[in-house]
Ligand code: PLP
């Protein structure tokens with residue numbers, strides 16, 4: 001994912017004695033930061049990833065379920081010893097910031113536009129960093145909340161090829177760790193293996209843990225779902241559970257689960273531990289239907305194949321080169337809400 005930053009940033013500072021200060025929206029610029037700031041030594045940093053969406057038919061801008069990002073930011077901040085941020089204030093600041101940067105979201109005024117066309121969005125990156133200059137190991141007394149935005153190219157949902165990690169060599173998260181938090185410390189250590197996967201032609205790493213059972217957790221910066229037929233011929237969506245703390249509680253993951261439960265009542269949605277061997281067995285026995293990764297950046301991205309211990313496991317794509325049927329349907333439902341083509345409580349107007 002590459003992109004260019006927009007021209008403003010939002011900034012608020014915090015100190016343990018006075019709390020959060022007054023937010024400012026200022027021109028985008030490098031930060032003055034003491035080289036001893038705790039963020040640079042002890043990784044006191046957490047962030048969020050969101051998008052602002054412009055409807056090309058109405059011109060209105062929406063953000064999607066920002067209350068979930070606000071809660072998750074606070075959960076991450078707590079895990080990495082940073083101060084919490086008021087949820088309503090978070091949403092108010094996101095809206096104020098997007099309103100300033102709205103010129104980065106083109107509006108063609110094209111009333112014949114339909115969902116799924118080349119919609120326009122702006123990627124938003126709120127974050128908190130610890131700024132106290134101190135080499136001693138202690139909770140920072142100073143912090144900064146920032147929002148920046150970036151114009152990312154549209155992700156056209158090209159089917160992904162995944163390289164399953166070898167848990168004996170590298171793991172992303174483990175029970176009792178902090179894989180559930182959106183802290184920078186979760187991402188830096190994945191880049192070495194991600195670079196290895198990319199050098200072999202894979203788009204993302206499918207992160208596994210537990211050497212023996214090879215449980216599936218996530219696909220790079222996205223949650224992972226597999227859809228298969230069970231022994232009693234039901235269609236089942238399966239994704240890794242949250243309880244072990246090894247996966248992020250993705251806003252997209254949660255929305256997929258809720259929409260499928262609400263709108264496809266005949267389909268089972270199961271959050272449980274499952275292994276790559278179960279996926280291979282479902283492919284072998286032709287019970288596999290589709291698999292997809294989901295997250296704010298990649299949205300709903302179909303998975304075309306997984307390399308498991310050197311063996312290529314192909315996942316069927318119903319329409320040649322495109323998403324499976326379920327992924328496409330869910331993608332359309334979500335786009336309708338995100339772009340405001342449907343009125344829904346999850347779409348918050350800026
Ligand atoms: N898992 C990880 C590790 C991520 O970084 C992300 C992206 O934020 C996700 C899952 C998907 O989360 P969301 O749907 O909230 O973007």
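Computed from the coordinates by the stated procedures, all read-outs in this text should not be read as laboratory data. Source: prediction; values computed, not measured. FYI the Cβ positions are ideal-geometry reconstructions off the backbone, even for glycines, and counts take in every protein chain you see.
Could you give log10 I(q)/I(0) at q = 0.33 Å⁻¹ for segment 239-282, computed by the Debye formula over C-alpha point scatterers of equal weight, without solvent?
Log10 I(q)/I(0), no solvent term: -1.09.
Of all beta bridges DSSP finds with both residues in segment 160-338, what is the antiparallel percent, to the nearest 5? Let's see the in-between values first.
Working: 26 of 37 bridges.
Of all bridge pairs located within segment 160-338, approximately 70 percent are antiparallel.
Rounded if a/c is under 1.5, else prolate if a/b is larger than b/c, else oblate: which is segment 160-338, with a ≥ b ≥ c the root eigenvalues of its Cα gyration tensor?
Working: a/c = 1.45, a/b = 1.26, b/c = 1.15.
The shape class here is rounded.
Once you compute Rg and the Kirkwood Rh from C-alpha atoms, what is the Rg to Rh ratio for segment 4-154?
Numbers: Rg = 17.0 Å, Rh = 16.5 Å.
Rg/Rh for segment 4-154 comes to 1.03.
What do you get for Rg/Rh of the chain when both radii come from the Cα atoms and Rh is the Kirkwood radius? Could the numbers behind the result be given before it?
Working: Rg = 20.7 Å, Rh = 21.3 Å.
A ratio of 0.97.
Would you please put 331-344, 175-188 in order of how densely packed they are, using the mean number of other Cβ atoms within 10 angstrom per residue and starting with the highest? Write out the running numbers ahead of the final one.
On the way: 331-344: 18.9, 175-188: 16.8.
Order by mean packing, descending: 331-344, 175-188.
Return the Rg/Rh ratio of segment 147-220 with Cα-based radii and a Kirkwood Rh. Please list the in-between numbers first.
Details: Rg = 13.7 Å, Rh = 13.7 Å.
When Rh is taken as the Kirkwood radius, the ratio is 1.00.
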